[in-house]
Each structure stands twice: as C-alpha cells, then as structure tokens.
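**Student:** Please see the structure below; I have some questions.
Since every read-out is calculated from the coordinates, none of them should be taken as a lab result. Every value quoted in this text rests on a predicted model; they were computed, and no experiment measured them. Every residue, glycine among them, receives a Cβ derived from its backbone with ideal geometry; neighbour counts consider all protein chains shown.
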C-alpha cells in the first residue's frame, strides 16, 4: 500500500482585507498593515510605503494584535464604591459617568479653576488636551515630558531650535560616523535600526556612549562606558580638545550662530547680555568695515575675534572657558570613568571625520541674508541622544553641551550631519510662553506650556509664589517647558503651593511605574485628613487597561485601544516626519470596540460641550464637534491651518486650506499618512535657507520666514542669572539665588548631580532602561512580549559581582537613602564598573493587568521606583527640594545612588505589596492568537 502525503495548504490565506493605519506600540508611529479576517485582526505587518519604517516592524508593532484583545482591557465606565485602593467599583452608563464628571468639574470652573489639575501620560494628542484645559481655565495642565526627557527637548530648543527625540534624524544616506549618547533601544527604534544598517553597509562607524552596553551600544564599533551623570563633563573634555587642536568650523560659527555676537561687559542690569541695535537685532562686527551691523545684513562677514567698546564676542568667551585645563582629559578621566587617552582618541575621530572626510553637494542655495552658495558643505558626523543624559539633575546643561559639540563641528543641518524634521527648525522665540492667568468661568489667558525668555515669563502669583500645582515655571524650575507631572500628587497632598479638589489623569500610571517613591504616592492617594475626607478629594482617570492606577481613582472613563479609535499625529503636536519632508498621520478604527468604551479624545470633546467650554460649543450652546474625528477635520487652530495638513480645501490643499469633510477618508486611502516634500535646494541648512523658509510659510508652519542664529550663548539663561544677582523687578527667593547662578550659566557647563551629594554610603549608580520589546508599561502585559521579558533581574558589573561573591540564581538587597528592595541579580560584563541596572516597567503589582497573582512580573519583576524619592533628602531648612533638574524640573531618575549586599533567595521580590482587586476577570489560561478575552 503506497503512502499518501497529507494535503497541506502551505500558503493559507492570511486575510480577506488589509487596513492601513499607524502603530502606537512606541513613539516611532510606524505605518502598519492590519490584516483582517472575518472582521477581526489576524496579523499586523509594516507598511512598505510609509516614510518612517518603510515596511520594517519590530516585535512591539507585530504584537499589537495582543493589545486589542488583551484580557486587561477595561469594559465599562465605573465609579468607586469601596475605599480607594480596594478595587471595589460599580459599572455605570456613560451618561451617568459624564454627568458625574460634570458635577465635579463645572462648579470648580465657575469658582476656582486652579482646583482642577489635568495631566496626561504618553498620549499623542497634546494639542487637543492642552486646548481643552486652556478652555476650561486651569493653569494646571501638562503631559508626561517632565518625568521623561524634557531636558532633551528644552536643551535643544534653547540652543539650536530643535531637538533629538523624534524631532530630528541623522542624514543616514551620507553620515560616516554616528554617535549615541544615553540612548536605550526603545526610542525611535525602527528608524535607528534601519539607519545603522545603512551606515554599516557603507563602512561607517557607530560609537556608543552609555554606562550600559546593550542594544545599539552592543552593535557599536566602539563603546564608552561613561559614569552616570558625567556625560556632560566628557562632552566638555571633547570640546576642550577640539578648541586646543583648532578643529572647529569657524565659517559655520560665524555665519549661522551667535558666536560672533558681542557680550556686554558693563556692570549693571544688562551685564552679560548681547549687544543689539535700536530694532532689537543682534549686532556683529563686519570684517570688511570693522563696524557693528545687524547679524542679518546682506553680505556681512561676521568677525569671531572682534572687540567693540569693551565687548568681546561669544566665541572669545567660549574659547577662554573651554580651554581651561579643568576640562582637559587628564583632569576629568577619573570622574568620567574613561581614560584620558581614549577621550583624546574620541575627539580626534570626531575631528577627522568632520574635516578630513567632509563632503560637498553640487546644490546651489541662497541663505537668509541673500548670499548665494554654489555648494553645500557637509560634516558627516551625526549624533543622537535621549533619556540617559536627560534624566539627571544636570541633564539640561548636558543636552546643551552636546548640541554645542555638534555645532562646533558644523554638523547640524548639513549633508552628512544631524537634520531637523518639520515643524522644526523653530527658534525658541517662536514658541509660546507659559500662561497662568485664571479667571473663574473663563478660559486661561494663553497656553499653559512654553519657553520663557526671562523672569517676566514665569508662572507666578502676585506674591511671587508658584501659580501651578507642580511649581513649573517658578524660580525652582524656571524653564520647565513640559511641566512637572511627577510632582503633582506630592505637592497636592502637601498643599504646597496649595490644595486641589479634582485630579484628572489620562494614561498616567501614577500609582506604579510613572511615579517616583511609589509606595508613598499610594499612601498620598489614599490619605485622609482630620475631617475623614481624602486629602485629594476626587480623582478621575482614563485608561484602556486595568493598570495599577485604576484602583485609586473615583471615576473611571475607559479608553479604547489604538486600533479602535481615531488619533491625529499632527504637526501641531508630535508629528511623524522626515528631514526632507513634512509628514503627519492618523489612526482610525480598523475594528470597533466590543466593550462599552470610548476613545478618550472623543470623551474629552463631549465633556467640553457639556461644560460649555469656548471652542467646544457653537453660539447656540450646542456641541461644536460630534467626536474626535469631526474635531480633526473641522478644527482650525488659525485660519486655514488645522490638525492635519493634507488634502485640505477641495482635497488638493497642502498645509493651508479650508476644512475638508473627506479629509480622513483621503488619509485612509493614502495609507493613513500624508507627505509633503520640501524643495530640493531647501532640504539642508533649513534655519537659514531661503527656499526652505518660503516653503515653510507656504504650507503653514510659519506665517512669515523665521531665520535665526543658533544660541551657543543663551540670553534667556543669563537673564535668570541677572535676577539671581539682584537685577530686575522679579526677584527669586534668597535661598535659590546661588542655585540659579550655578544652573543658569549661559554657556553649557557641568556640575555634580545632586544625587551624588552626601552619597558616600551609597557608592553605586543605579539605572533603568526600557527594552526594545517594550515601551509603555502596558507592553509587559502583552501575551507575546511577556515571553521576551517576563521578569527583570538587576544586572551587576563584574567587579561588584565578584566582590560580593554572587552566583547564578542569587538575590540581593539594594538600599538607597529612601528605601530598599530585594531582587534577583545577574552578571553583565558590558557595564560601567560602578553601575547596576534593570529593565523598566516589567514589574507589576499583583491583581493588576489581569495577570495571575503568581505571574513572573509580580513575583520576579520589580521597580527601582521604590528606591527613588520625588524630593531630595531634607537639608534642615524646612524646604521641600524637588529631585529634579533645577532648570527644567526634569525628574532626576538617574541620579539614584545605592548600596548592595547578598540576600537569601525568596519566592517574590520585595517590597511585596498586597494584591489589588481587579475590575476585570483574570486572563484565560489558554488563549489562541487574536482570541478575545
């Protein structure tokens, strides 16, 4: 009898329809093809036509199918019926939920709007949420940037009018040397992976500067395991070497930066500011005439070495500062953790590639002065940096130092260098200023967030106290451009600067991984006053999932997953984009929710109408927008400019044009994105390129050309220093004067991180990183991603491992000045010798996320947050000093210092908080791919 092979379908039909949308498993916002089968999500792949990822998709993006079917998804609106933290809720209707929210919010708006604080997590709809909060009238609004990487954003914008993050990119097709500072593998992951592949294919080199050698640093050709918090000192040593060797792009500095501008040397209220003419234009000395002229004078040849009436140029001040031997490699090597020889080699490689391997493009262009250039000169060195340098109390100045290094090489906005993505470049003067003018029943007097140019822009009350609950834009943190979300609960609980009534949070897991000092924050959320009422009386929370924060809210407004709602990745907010093109994108409901949930943005618009907020109601009081999709299409931030730039007016308009009711349909037909290429002669040197500036006005990025000079020397910072020295009408409290003088240096500087002070008993640095396969905390409840990262050991370098006699399977007690944890440990050789680290947000509290109580995330996972306090140790002065960068208020997560000792192995990590009751059923034991929970 002959054997018959079974008939197998080796190419089964994957789907019966493909719906193109935008991923939301991290901040890349890649294009995805969602394969549908029988009306359900069957498979997700990358969209090859999308400008961001060009078809590449990571583990996070592919596993999005497990987010839309996750057992932890919330099912219904709920109101709390038991004590906070009990998890006791009652399901209610949407009408009841919204009426309850209005009954809390409306009286506050009519009497004292500042008693409502509205803060959002990693959402990407901040142009809407900010617009809503401004219409409500509270000054207490911000998103998550203050505890994430505001130092990167603010440091870049105050220096070059742009920043790393998603707002810029190396010129991957031409760069020859790519340098990463403090970059873990979670951020901008697909573009960087693709770019490194391109670079290495061409024989280029990658250098990683990070205490931890993982991810991108693991594939780098050279790795500098810098001591945490010393990155800025390393950068200034590189600057020292470049000045010493004369390896600086002097022509670039003279034409495009404020290096030739003149620093006033007279004593008085303008000492250290830059010389200007009667029209407030910066002055430079023209080499041809030897006289001061406005910086934008046609044909001017700025003189970097000039003096005028006792004033020296910024360049001369820089040379004097950075040639000081205190920045010599030999002087900083021990503190930085890198030998002087290697630092010198690093500087030499930067100089060699920038100047000896310079490139030229035969592309004529015209600059903002009207000067014509036959070629574009490129310095093929590019950089990228993120949270590793940002999350320190000296992170703002470190970010500024890194941008200064780029500029000294002439490697910003040139061929082969680092380039900005529209809507950047944008000078700091072109951004809003923070506002805090509250009038009951009226909108706030302007945008909440912005970039102060001096003390006159601080958010202060008449008595000089902070106007905001988080103390952003106060003398304590003057340039806190993204607010200080990590301080909201602590300040509200302490009543410092005042008490609030209602805390409104969206997608912010403040009862777990999004707070420092997690256990104490939980206590603050549940604490009651002498009257028996909660110190923070009301908490409204919106999330798609049963996170730890849900149990501590009074009213739950359940959100959809990202495949079930409309979203707008807008040029008004955090757009996708390319260095050669402006781009934006949408998400749309590729599947309808199977639960009684609504997209938060639509809920917010509904609340706006019910509250009668200006901008959300028509003249007759009726709702102005049906939902978020209607808002996206119909809203205009200024005439002809709305959330989306594509298909405006009759469907042909780009950037400017009347609202088009078919706009979302056209986006869907186009793959859920829109791309507008800039002129070929406008793609480099954008801050000074006439062709780019004219194009930016045409598509609505600006209303008039806005060329500017890079600010190596920061006048806004000098203005705050002047105030600390006693000049001006607005004066800081005396106890902050010395700190402002130090932190507000107008040229990039370095100072010891605050966490290093009084840390003799805690000799080890402790860090976290997000893994490539996780981004939001919700990733670690994803059934597929859990198989990659189900638990997180604490990684120890060889010296510490051997000193304490650790072996595989051992546990350790890790202590800081604020607490202790007991956790499993593992050995890692590629690590700074005085640093330990772990993955962030893997650990979960028992009962959350629909996980079993014995899930590895709850028994072998942990957070370093338990060791970190939102305040610095008490100084004996009775004041509450924030554990933040004194310039921006950036949470100083990475200033953490610890000590370590062996501990007996156990069944669960410590602290082991009691389980919380889940408002959703526990996940089924055996769930097939895509199967609904």
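**Student:** Compute the distance in nm between two label points, each set 7 Å from the Cα along the Cα-to-Cβ direction, one at residue 874 and one at residue 908.
**Tutor:** If labels sit at residue 874 and residue 908, their model points lie 3.2 nm apart.
**Student:** Hey, with R₀ at 45 Å, roughly what FRET efficiency would residue 465 and residue 10 work out to, going by the Cβ-Cβ distance, to 0.05? Each step should come with its number before you reach the end.
**Tutor:** Working: r = 72 Å, r/R0 = 1.59.
The value I calculate is 0.05.
**Student:** On a C-alpha basis, how far is the centre of region 560-580 from the centre of region 72-118 in Å? Whole number, if you could?
**Tutor:** 28 Å
**Student:** Moving on to the next point. By count of other Cβ within 10 Å, fewest leading, how are 261, 568 ordered?
**Tutor:** Ranked by crowding around the Cβ, least crowded first: 261, 568.
**Student:** Follow-up question, since we're still on this one. Debye sum, Cα scatterers, region 17-68, no solvent: what log₁₀ I/I(0) at q = 0.16, 0.19, 0.28 1/Å?
**Tutor:** Log10 of I(q)/I(0), two decimals: -0.38, -0.53, -1.09.
**Student:** What does the extension gain come out to for residue 281 and residue 111, with contour length at 0.36 nm per residue minus their alpha carbon separation?
**Tutor:** Going from the current span to full extension adds 56.8 nm.
**Student:** As I understand it, the value is the acute angle between the Cα axis of helix 600-610 and the longest principal axis of the Cα atoms of the chain; what does it come to in degrees, rounded to 10?
**Tutor:** It works out to around 90 degrees.
**Student:** Using the Kirkwood radius over Cα pairs, work out the Stokes-Einstein diffusion coefficient for the chain at 20 °C and 1.002 mPa s, in µm²/s as a whole number.
**Tutor:** Rounded to a whole number, D works out at 75 µm²/s.
**Student:** Assuming R0 = 35 Å, what is the FRET efficiency of residue 638 and residue 289, from their Cβ-Cβ distance, to the nearest 0.05?
**Tutor:** 0.25
**Student:** Could you put 573, 738 in order, starting from the residue whose Cβ has the fewest other Cβ atoms within 10 Å?
**Tutor:** Final ranking by Cβ density, sparse to dense: 738, 573.
**Student:** Then there's this: Given labels modelled 7 Å from the Cα in the Cβ direction, how far is it in nm from residue 787 to residue 854?
**Tutor:** It is 2.2 nm.
**Student:** Let me ask another. From Cα pairs below 8 angstrom and at least 6 apart in sequence, can you work out the relative contact order of the chain, rounded to a whole percent?
**Tutor:** 18 percent
**Student:** Please give the helix 94-111 orientation as an angle from the longest Cα principal axis of the chain, in degrees from 0 to 90, rounded to the nearest 10.
**Tutor:** The answer is roughly 40 degrees.
**Student:** By how many degrees, between 0 and 90 and to the nearest 10, does the Cα long axis of helix 340-351 differ from the longest principal axis of the chain?
**Tutor:** Around 80 degrees separate the two axes.
**Student:** Before anything else, pin down the relative contact order of region 391-490: Cα pairs under 8 Å, at least 6 apart, normalised by residue count, whole percent.
**Tutor:** Reported relative contact order: 15 percent.
**Student:** Taking the beta-carbon count within 10 Å as an exposure proxy, list 752, 22 from fewest neighbours to most.
**Tutor:** Least to most surrounded, the residues fall as 752, 22.
**Student:** Relative contact order of region 554-699: what whole-number percent is it, with Cα pairs under 8 angstrom and at least 6 residues apart?
**Tutor:** On the way: 239 pairs, mean separation 30.3, N = 146.
So the answer I get is 21 percent.
**Student:** Same structure, new question: At a Förster radius of 60 Å, what calculated FRET efficiency corresponds to the Cβ-Cβ distance of residue 442 and residue 323, to the nearest 0.05?
**Tutor:** Between residue 442 and residue 323 the formula returns 0.65.
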